[in-house]
1. For Thr357, which sequence-distant residues (separation of 5 or more, or a different chain) have an amide H within less than 5 Å of its own amide H, given hydrogens modelled in the peptide plane?
2. What is the fewest-to-most order of Lys373, Lys150, Lys577, Lys328 by other Cβ atoms lying within 10 Å of their Cβ?
3. Using the Karplus curve 6.51 cos²θ - 1.76 cosθ + 1.60 with θ = phi - 60°, what ³J(HN,Hα) values do you get for each residue of the stretch 380-393, in whole Hz, with x for Gly and Pro?
4. How big is the convex hull of the Cα atoms of the stretch 55-202, per residue, in Å³?
5. Count charges around Val79 for me, please; just the other residues with Cβ under 15 Å from its Cβ, Lys/Arg as +1, Asp/Glu as -1.
6. Suppose R0 equals 45 Å; then what is the FRET efficiency for Lys373 and Glu180 from their Cβ-Cβ distance, rounded to the nearest 0.05?
7. Hey, rough spin-label estimate for Glu191 and Thr335, points 7 angstrom out along Cα→Cβ, what's it come to in nanometres?
8. Let a ≥ b ≥ c be the square roots of the eigenvalues of the Cα gyration tensor of the stretch 162-212; is it rounded (a/c under 1.5), or, if not, prolate (a/b larger than b/c) or oblate?
Amino acid sequence: MKKNKLWIPIVAAVLALSVAAGAFLIPRLPKKEVPVYAVSMVGYTDFYSGSAESYGMVTTDKVQTLYVTATQTITEIKVYPGQEVKKGDVLYTYDTTLSDLAVERKDLANQQLEMELKTAQAELKALQKMKPIVYKPGSGSSSTKTDYTKSPTDPNMINQVYSTKTSGTSKSNPLYVWLETTKQVDETFIEYLFGQASGNPNRIYVVFQMTSGNKAGAEFNVQTGICFTKTYETPPTEPTDPSQPTVPSTPEESTEPSQPTQPSQPSVPSQPTEPEVPTEPSQPTQPTEPKEPSQPSEPENPVEPEEPEAPAEPESAGGASASSSTKKLAGYTMTFFTPPSAPKEDNGTVQWNDGYTSAELTAMKQEKQAEIKQLQFDIKMGKAELKIMQKEAANGNVVAEFDGTVSEILEPAEAYVNNLPLMKVTGGGGYYVEGTVSELALSTVTLGQSVTVTSWDTGAVCTGQVVEIGQYPVENQGYGSGNASYYPYRVFIDESADLQEGFYVSLVYQTAEAAAGTLYLQDAFIRSEGNRSYVFVRGAEGLLEKRYLECGVSDGYMTAVYAGITEEDFLAFPYGKEIVEGAPTYEGTDQDLYGY
């Protein structure tokens, strides 16, 4: 017992020294350089939901703005500038080239856009449910594991087979190669790959993987499966007539009459004394040797069979030395195959889930949201154009909609070319536009606030004022609403503006708060620690530092960030063991982040 007690302080001292040595050495180990990305690349200001930008459709109150369309030919103007008109008075007449068929085609085009919008919205929902590729370590005792989703951390492993538990002889068990983007896969490299496969196969399966910028430890963004098959050719010295397997010799040897009738004749070894055939130790005089006549049946370009694949050359058994000496490697054929979906290791698995990395999914969501926004724009414009086309095709007379005064009249050609109104009738009113604002930015909108209004149709810019703010959220919140509620607000623009009823305009607030804007950051870049949110930011010396944020409510994709970072900051991504305080950084590119 006393001896056992003596071991306790010794072991404790050794452990203490080990811990102290680790504490001394670990901080001095060089940290891996990690990529950082500009906040402006992965966030939005005054653009996303709840920002200072909105849109709405133009309505009018005692103002009538009339434009010339491409399908109209003005035949007569019946009024003059300053003339007072009554409701129903004819202002001008026109001929139209529009037909019922053209109107129907416009209607069908709008319906097609509606269908495309529904499809895009469904695809976005599917993307939001997708899970990225992840590696889940197992409980095996092996200390070696291969992560098939990322390149090796050792940059010297590029252009090499890095998998340690695969044979390369089947589709389900291929060799994995981290390939340089500029590497040429020539015959020398293919020979190297055959040498890495198990056994001596005629066919190998290889998965080539690439990373952006050939970076070590980065996620693969290209993965291609290729099957290589050896092809052979027969030397011209082989017999050309396989139907004569018992021909005993060349014409020069026919002087020996006893040779064909002696199957076990031991005189064959003496043949080298004849100068005509000095190198034929296995002369076809042996009736028991069938190999040479069967050689022409060797396929020049074998067709890829189903698994199990041909593991070795058939000539390797019985008489292999004589047979293989007559075959010459001609080259390699190449076919593609789909890499296995979930390679496994003894101590872990790669879960491909939906087959995309986190960065790829983020980029796909952004693309789909941009597509949805564009489709919504096209649909609104298409409906406004259809309404005008239907009205134009129904009647060649344009009449006053209320009692008022005709303002300045332009020449039809001048009005059309410059996208200006042909004429305007005013009665002391103006234009109204109803936009929406997120509950997160509701406090930035006030009565009397100045708003910049831009026409989607003509590009005309004017200024309006907020005259009403709704107390209840709208039901149809539209694109990008997420979980936030949206409230309506109404903007008035006076009659001097050149806007057209039924068309859409954008609304941008003109206050100091709106000018500063609210920053919205992708959720993937934000980490949580209890009730606090944080990111890793590049500091003044180019090293990472942890920074806490003041955040709003996430809509499932983006989160409002009120304090902690600005658009000038650079954030680390993706998160991993290398993302630690003090790590050196380099500025990543769009290609590094999104893989294209």
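Read the figures in this text as sums done on the coordinates, not as results from a lab. A quick note: this is a predicted structure, and the numbers were derived from the prediction, not measured. We place every Cβ from the backbone using ideal geometry, glycine too, and count neighbours over all the protein chains shown.
1. Excluding prolines and chain starts, which carry no amide H, the hits are Ile133.
2. Working: Lys373 14, Lys150 21, Lys577 7, Lys328 10.
Fewest-to-most ranking of Lys373, Lys150, Lys577, Lys328: Lys577, Lys328, Lys373, Lys150.
3. Working through the residues one at a time gives 5, 5, x, 5, 5, 5, 5, 4, 5, 4, 5, 5, 5, 6 Hz.
4. On the way: hull volume 51.8 nm³, N = 148.
Cα convex hull per residue, to the nearest whole number: 350 Å³.
5. On the way: positive: Lys78, Lys86, Lys87, Lys424; negative: Glu76, Glu84, Asp89, Glu401, Asp403, Glu408, Glu411.
Charge balance in the 15 Å sphere: -3.
6. On the way: r = 39 Å, r/R0 = 0.86.
That pair, Lys373 with Glu180, gives E of 0.70.
7. Between Glu191 and Thr335, the simple spin-label model gives 2.6 nm.
8. Details: a/c = 2.32, a/b = 1.37, b/c = 1.69.
Oblate, because a/c is 1.5 or more while a/b does not exceed b/c.
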